[in-house]
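Peer 1: Provided herewith is a single structure, encoded as structure tokens, for subsequent inquiry.
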Amino acid sequence: MNPSRKRSKSLSKKKGAFDARTFLDSAGVARRIRRFKKAETIFSQGTHADSVMYIQEGRVKITVLSAAGKEAIIAILGPGEFFGEGCLAGQTVRMGNARATTASAVLVIAKKEMLRVLHEQHELSDLFLHFVLMRNIRIEEDLVDRLFNSIEKRLARALLLLARYGEQDQPLQVLSKISQETLAEMVGTTRTRINLFMNKFRRLGFIRYNGGIQVDTSLLTVVLHD
């Protein structure tokens, strides 16, 4: 996704709108809450796909493992985002791996129950559709980013997305405990190159280290620069 285009506000944040989190957290959905420690596996590639998951707290990394054993990061998700939704479209097994990158709380909603709720709660259906469409747009933009942009631009974009730039008119989040190895996987380069550009961004004031990585909105200039 191009960080210069702010995402539309979540439906749950608009005055008088349906509050998806409150609904999902309530007895309105048959679900269970699971807590995961940092680096704990939530599900593995090839296992049975029978539920949709919704992040209450923490961060989750979605990866895919090739037949040759090479792992690629598909997404890093945060609170208010769904994953594992492929089961709703007929996937019988998980197409990737999901792992908590920090201590996380995840709502696990059975496939049958999720389908029922989506049919009965139109506001939730709208929110879920918006999420799926935005996920598809981001995947397309990730591909374009890999094909045409420099490593420096790709890293700047990744940092802004991880800090949730443009979401819900909130300040950028501090990125805690994300390694340069993970950033290198996301960007498609080496840790050495990531270290070089991170040091450059810090010298220019685009990022600061303060109990984590604090991203400044001025980093957007790197993305927009021709």
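The values are calculated or read from the model by the stated rules, or taken from the named source; none is laboratory data. Just so it is clear, the structure is predicted and the values come from calculations on it, not from any experiment. Ideal geometry is used to build each Cβ from the backbone, glycine not excepted, and the neighbour counts take in all protein chains shown. When the accessible area is computed, the model is the full protein with side chains, heavy atoms only, and any ligands, DNA or RNA have been set aside. Shrake-Rupley method; radii C 1.70, N 1.55, O 1.52, S 1.80 Å.
Peer 1: Just to be sure I understand, how many residues within the stretch 75-90 are in contact with a helix residue (DSSP H, G or I) (Cβ under 8 Å, 6 or more places away or on another chain) and open to solvent by 20 Å² or more (accessible area, probe 1.4 Å)?
Peer 2: Going residue by residue through the stretch 75-90, those that are in contact with a helix residue (DSSP H, G or I) (Cβ under 8 Å, 6 or more places away or on another chain) are 75-76, 80-82, 85, 87-88.
This time we only want the ones that are open to solvent by 20 Å² or more (accessible area, probe 1.4 Å), so: 80-81, 85, 88.
Within the stretch 75-90, residues that are in contact with a helix residue (DSSP H, G or I) (Cβ under 8 Å, 6 or more places away or on another chain) and open to solvent by 20 Å² or more (accessible area, probe 1.4 Å) number 4.
Peer 1: Which is surrounded by 18 or more Cβ atoms within 10 Å (Cβ to Cβ) and in contact with a Gly (Cβ under 8 Å, 6 or more places away or on another chain), of Leu175, Leu183? Steps first, please.
Peer 2: Details: Leu183 fails: in contact with a Gly (Cβ under 8 Å, 6 or more places away or on another chain).
Exactly one of Leu175, Leu183 is surrounded by 18 or more Cβ atoms within 10 Å (Cβ to Cβ) and in contact with a Gly (Cβ under 8 Å, 6 or more places away or on another chain), namely Leu175.
Peer 1: Mind listing whichever residues of the stretch 143-171 are in contact (Cβ under 8 Å) with a residue 40 or more places away in the chain and within 27 Å of Gly84 (Cβ to Cβ)? Working first, answer last.
Peer 2: Of the stretch 143-171, the ones in contact (Cβ under 8 Å) with a residue 40 or more places away in the chain are 146, 151-153, 155-157, 159-169.
Listed by number, the residues that qualify are Arg146, Arg157, Leu159, Leu160, Leu161, Leu162, Ala163, Arg164, Tyr165, Gly166, Glu167, Gln168.
Peer 1: Assess whether Phe201 counts as being of a type in the set (A, V, I, L, M, F, W, C), surrounded by 12 or more Cβ atoms within 10 Å (Cβ to Cβ) and out of contact with any strand residue (DSSP E or B) (no Cβ under 6 Å at 6 or more places or on another chain).
Peer 2: Spelling it out, it is not the case that Phe201 is of a type in the set (A, V, I, L, M, F, W, C), surrounded by 12 or more Cβ atoms within 10 Å (Cβ to Cβ) and out of contact with any strand residue (DSSP E or B) (no Cβ under 6 Å at 6 or more places or on another chain).
Peer 1: Between residues in the stretch 201-226 that are on the phi > 0 side of the Ramachandran plot and residues that are open to solvent by less than 80 Å² (accessible area, probe 1.4 Å), which pairs lie under 6 Å by C-beta distance while being six or more apart or on different chains?
Peer 2: Gly212/Val174; Gly212/Leu175; Gly212/Ser176
Peer 1: If you don't mind, there's one more thing I want to ask. In the stretch 185-226, which residues are assigned to a helix (DSSP H, G or I), within 19 Å of the chain's Cα centre (by Cα) and over 18 Å from Gln173 (Cβ atoms)?
Peer 2: Matches in the stretch 185-226: Glu185, Val187.
Peer 1: Would you pick out the residues in the stretch 31-51 that are surrounded by 13 or more Cβ atoms within 10 Å (Cβ to Cβ), assigned to a loop (DSSP other than H, G, I, E, B) and of a type in the set (A, V, I, L, M, F, W, C)?
Peer 2: Listed by number, the list holds a single entry, Ala49.
Peer 1: Hey, can you tell me all the residues within the stretch 91-114 that are of a type in the set (S, T, N, Q) and open to solvent by 30 Å² or more (accessible area, probe 1.4 Å)?
Peer 2: Gln91, Thr92, Thr101, Thr102 - these are the residues of the stretch 91-114 that are of a type in the set (S, T, N, Q) and open to solvent by 30 Å² or more (accessible area, probe 1.4 Å).
Peer 1: Please pick out the residue among Leu143, Leu162, Leu129 that is of a type outside the set (Lys, Arg) and closer than 22 Å to Lys38 by Cβ.
Peer 2: Numbers: Leu143 fails: closer than 22 Å to Lys38 by Cβ; Leu129 fails: closer than 22 Å to Lys38 by Cβ.
Residue meeting the stated conditions: Leu162.
Peer 1: Another question, if that's okay. Answer with yes or no whether Lys111 is among the basic types (Lys, Arg) and touching a Leu at 6+ places or on another chain (Cβ under 8 Å).
Peer 2: Numbers: among the basic types (Lys, Arg): yes; touching a Leu at 6+ places or on another chain (Cβ under 8 Å): yes.
When the stated conditions are applied, Lys111 passes them.
Peer 1: Here's a follow-up. Within the set of pairs 6+ apart or on separate chains, which have a first residue in the stretch 31-59 that is among the hydroxyl-bearing types (Ser, Thr, Tyr), a second that is part of a loop (DSSP other than H, G, I, E, B) and modelled with pLDDT of 95 or more, and C-beta atoms under 6 Å apart?
Peer 2: So the pair list comes out as Thr47/Arg94.
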